Structure formats: structure tokens, C-alpha cells
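**Student:** First the structure, then my questions, so here it is.
A short reminder: the numbers here are calculations on the coordinates, not readings from a lab. Treat the numbers as computed from the prediction; the structure is a model and nothing was measured. All Cβ positions, glycine included, derive from the backbone under ideal geometry; neighbour counts span all protein chains shown.
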Amino acid sequence: MPAIPPGYGPSIVVLAVYFGGVMFVGLYAWRKFPQSDPENYILGGRAIGWLVAMFTLMATQYSALTVLGFPGTMYRDGLSGYVAIGGMYIGFAALYWMAFAARTWKLGRAFGHMTPGETFSHFYGSAWVGYVLGGMLILAVVPYIQVQILGLGFLFQVATGGMIDEPTGAVLVYFLIIVYVLLGGMRAVALTDTLQGVLLVAGLVGGALVVVNVAGGIPAAFSRVIAARPEWLTIPGPGGRSPWPFIISFAIPVGLGWTMHPHMWIRMHIPRTVNYIRLWPLVVVASFPIVMGAAFLSGVAGQVLRPGVTDRQATDSMMISLILDNFQPVVAGLVAAAGIAAMMSSVSSQIHGVGASVSRDFLHKLFPEHDPRRGVLYTRLSVLVVGGIGLYLSLTQPGFLTKLGAFSAAWGAQAAPPAIAALVGWRWATKWGAIAGPLGGTAMLLAIGLTTQDHRLLGLYAGLWGLAVNLALFAIVSAATRPARPDDSIVRAYRAIGW
Amino acid sequence: MNARRVVRPGRRFLVHLAVHCVLVLLYFLPGGLVWNRVAPLVFHLPFGVFVTAVFLPAAIVANMALYVIGHWAEDKRAGSATK
């Protein structure tokens, strides 16, 4: 066994206690709650209490990006980076959940939906809509899982002072995640998310406060940035990189896409009452200023302490490297442990959500099972396969998939037009429109995203172009295929579901 | 559930939704034209930072909280919280 690097003992102990705690909570969920049917395994029996439901949402949405990506974005782009990310979370994602989360919850109760693909298939009256859109959402999330695992390995290496290298760390943490997700399903994921949510907020906020303190405190740090780089504190930001049209064109598709991913959609079905799901957008908007404010402060501290860094990887890990430079290793270890918690909570939810989608949207339809225990087996096998694919991709690191990961949310947004049409109960939307729109939108998104350096065309983000093509195709194809409209009784049932 | 009766969004829901949209617009254009500057400092924060990181998020949280509280009472009266 390798020797513990000097000064890293406490952080390794913290990591060990944290992993032990996560494993204990996961095993507790497995033994305590029934996993005998898909509804229990995938949705926690639709009976999750408000506190756990809120923490699982919060911990799931704050991920590798929150710890490693967003502080770097804010370091590079300043206030314009913060406003773009703010618009996406507290603007458009919150707007979507405010409008449709309760309705999705009610439809799930009324018709037994668990995954987005099931809602699509049911409303449009076609299994193929579920296959295409469910498959698209699965493909949108898998590269993102890969990116997270890479982040896990990096933080594990930081927290252990290099005692355990990146690939080994990633495999170890990933194995732990797979065990508790496989055994305990949604209950295990949600309960561990609660533990991880507390740790991630404490670590991120604590980390930002210590680095901004090194930079002289909040007032002094801002004064120095105002004197040195005032353009960093206004829009369009340094070098005019983020003008208003780009910021808005980024916030709309990314904010909407976040909400479409299977693991986020599934969470709309888990609370015990509709009151709890109405809390959801409130949790998003209330936690944002705390978590992203911390990321912004670490960007400010970075501008004061280490200005002029342009390398993307160096800026992404700015907060961690500032802590390593200025404090005892234990502080960096604790913040890295919080980062690991943020990533574990997202990865576990994503693997569970994507596994559930594979099981419900494909296996359940292709090989209908009557024994609920077989349904759980399908889902567990899907979780294992999705987990294995994610790990394989992260270890082999194909560059093309890493590139696709950058479009995960904007790709998810391509499911938004047919989703909103279904949730509202629009009778003019047809199954062919619901297939053609998202496919066309995805083609546009990837065509611009993969062929341009900054993922823009005429100054607008690729995701918005995809959404525009998607909407146009959805409307035109729906109008041209009127006989394929959803069944009248289904439309009436959806319209009667209430808000 | 009456499968034939269309249930339209209530007034409370629409009002809070509209307020959210206005606040998001203030976050972007045309609000950005007003707050997109460094001076004056408010609580030691540049004006634009104060508006986007403190003031508007607080207003959005307040609107969302009022929406949630209002709906809780409504759901309780209608007995529709768990179905």
C-alpha cells in the first residue's frame, strides 16, 4: 500500500469517513425500503418526503461543472459568465419547473409514467416517439457521465495528495456508486444525495470564502478587480466574448435542456405530494445565489491572486489550486471531498435515471414483463450496463464523446417542444412532428457545435439554432400529418389534469 | 378526475409566472441596459454584481415563495395535494 503523503492524513480520513457514511446510507436504504417493483426501485414508491426530495434535486443538479467548470467559466468570462449561468438556472429552468413540474407529477400519478419516454409514447400514441426521444435523451446524458467520472478521478487525486492516481480513484469511487445504486435504487440515491448535498454546499462555500479571504476579503478583492479589469465586471466581458445575444441564446436551450434529462424528469415523480414538487423551482432559485455566488467569488479571487491565466484546465481547477497554494493540504482535501460529493450525487442520479430509461423505454416495451421483480431486474441490469459504458468511455477518453458532453444540456433541450406540447395537451402536435423536430434540431446543434470553434453561428449559441429548427420542423410536420394527431380522449385527459 | 373537463391555469399561477418572466427580462435585456455597470458600489459590490447576484435573485426567490405558499393553501382547500 502506498504511503500517505505528509499533511494529507486528515483529508484521507475525512474521505474514508465520507465513503463509509455514503455506503452505510445506501445499504440502509436497501434493507429498509422495498425494492420489489419498478415504481419502488425507480421512484422510491412515489413517496419521498420534502426534505430528501429537495436535497436530491439540489445535489443532482450541482455537479462536476459546479466545482470544476463554473468557477473556471467565471474566472475567464467574469460577470457575463455568471449571468449566462444564472439565466439558465434561475431564469429558464426555474420557469419550466414552475410551469410544468406539478403537471408532470399529476400525469405520473394518473397514468403511471416514470420516464420522459413513457409520457411521450402515451400522449403521441406511438412507441416510436418514446424510442426516438427516450434514446436521444439517453445519448445526451452518457457523455456527461463520462466527463463527471474524469472530474472524480482528478479530485480524488487532489484529496489524497497523489497517493491514488486519477484512473484508480475514478474506478474506486465509481464502484462505490454502482453498488449503492444497484442495491438501493432511488431511495439510496436520494438519501445519499442528502448527505452529499450538505457536504457540497459547505465545501464549495467554505472553499470560496477561504480563497477570497486570501485575496483580501470581498470588498478589497472587488476593488482590485475594478481597478485592474473593470470590463470583467460588465457585459460583454473580457474581449467582448459574451455579448447579450450570445448570453440569452445560451441560457434558453441549456436551461430547458437540464430539465429534460431522464434523471431530472424522473425526480418530478418522486415526491409524496404535489406541494413538495411545487417547492422544486423555489429550491433551484434559492440555492443558486449561494452555490454559484461561491463559484463567482472564487473567480474574483483568481483574478486578484493569479490574473492572466488562459489555459482552460488551469482556470477550471483555479479554486482547488489556489487552496493548495495557500493552505495546509487538509483544506484542499476537504474541498476536494466536497467536490467528490457533488460529482457522486450527480453521477449516481444520472446512472440510475438513464438505467431506468433504458429499462422502461426499451426493455419493458420490447420484452413486456408481468412479474414486477423482473422489471426491477431489467432496471438493475440497465444500471449496470450504463455504468459500465460510462466507466469504459471515461477510461478510454474518446475525444469525440468529450466534445458531445459539452452539448449535453442543449441536446436535451431538443426534447422540450414535444414535451411541452404533451404536458399542455396540444392536439395539433403529431407523432411525426415530435420525431422530426428533435432530430432536425439535434442535427443543427451538432453541425454548428462540432464545426465551429466557439459553438456559435452569427453570434448565437448552437443550442438556440437547434431549438429554432426543431420548432419549425415540429410545427410544419405536425401540420402536414394531421391524421396522426393524438387520440382525442388522451388530449382531453391531459387537459383535465390540472396545474 | 373528470377526464372531459379542461382545467385551465389559475389566476395566481399566471400572475406569478408573469412576474417571473418580467424578473428574468430584467436579468437580461432591457434590464441589463440599466444595471450593466460597475458604479455605484452597493454593500461593497459593483452595481451589476449586486443586481444580478443579490437583488434580482432575491426578488425571484420572493416571487417563487409567494407562489408556493399560495398554492399550498389552494391544494389543501381542494384536497388535491396527493392525487
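**Student:** In nanometres, what is the gap between the two model label sites at A:Asp371 and B:Ala73, each 7 Å from Cα along Cα-to-Cβ?
**Tutor:** Calculated label separation equals 5.3 nm.
**Student:** How far is helix A:372-396 tilted off the main Cα axis of chain A, in degrees rounded to 10, range 0 to 90?
**Tutor:** Value to nearest ten degrees: 40.
**Student:** Please determine, in degrees from 0 to 90 and to the nearest 10, the orientation of helix A:218-228 with respect to the longest principal axis defined by the Cα atoms of chain A, where the helix direction is its Cα long axis.
**Tutor:** With both axes taken from Cα atoms, the answer is about 90 degrees.
**Student:** Oh, and also: Identify, among A:Gly185, A:Leu27, A:Met318, the residue whose Cα sits farthest towards the positive end of the charge dipole of the protein assembly as shown, taking +1 on the Cβ of Lys and Arg and -1 on the Cβ of Asp and Glu, with the dipole about the Cα centre.
**Tutor:** A:Gly185
**Student:** On a 0 to 90° scale, report how tilted helix B:56-78 is relative to the longest principal axis of chain B, with both axes built from alpha carbons and the result rounded to the nearest 10.
**Tutor:** 10
**Student:** Continuing with the same structure: Using a 10 Å cut-off on Cβ atoms, rank the peptides A:29-42, A:73-86, A:150-163 from the highest mean neighbour count down. Numbers along the way, then the final one.
**Tutor:** On the way: A:29-42: 18.7, A:73-86: 26.5, A:150-163: 23.1.
Top to bottom by mean Cβ count within 10 Å: A:73-86, A:150-163, A:29-42.
**Student:** Run the quick spin-label model on A:Gln328 and B:Ala62: label points 7 Å from Cα toward the beta carbon, then report their separation in nm to one decimal.
**Tutor:** Once both label points are built, they end up 4.4 nm from each other.
**Student:** Taking the Cα centre of the range A:1-133 as the origin and placing charges on Cβ (Lys, Arg +1; Asp, Glu -1), which of A:Gly45, A:Ala16, A:Leu79 is farthest toward the positive end of the dipole?
**Tutor:** Of A:Gly45, A:Ala16, A:Leu79, it is A:Gly45.
**Student:** Rounded to the nearest 0.05, what FRET efficiency do A:Leu209 and A:Leu51 give with R0 = 35 Å and r taken as the Cβ-Cβ distance? Could you check? Provide the component values of the computation, followed by the final result.
**Tutor:** Details: r = 25 Å, r/R0 = 0.73.
Efficiency, rounded to the nearest 0.05: 0.85.
**Student:** Just to verify a number: FRET efficiency for A:Trp428 and A:Ala228, C-beta to C-beta distance, R0 = 56 Å, to 0.05? Walk me through the numbers on the way to the answer.
**Tutor:** Numbers: r = 56 Å, r/R0 = 0.99.
With a Förster radius of 56 Å, E is 0.50.
**Student:** Students often forget the sequence filter, so: which aspartates and glutamates lie under 12 Å Cα-Cα from A:Lys431 once same-chain residues fewer than 8 apart are removed?
**Tutor:** A:Asp487
**Student:** Using the basic label-point model (7 angstrom from Cα toward the beta carbon), what is the A:Val309 to A:Ala472 distance in nanometres?
**Tutor:** Result: 4.2 nm between the two label points.
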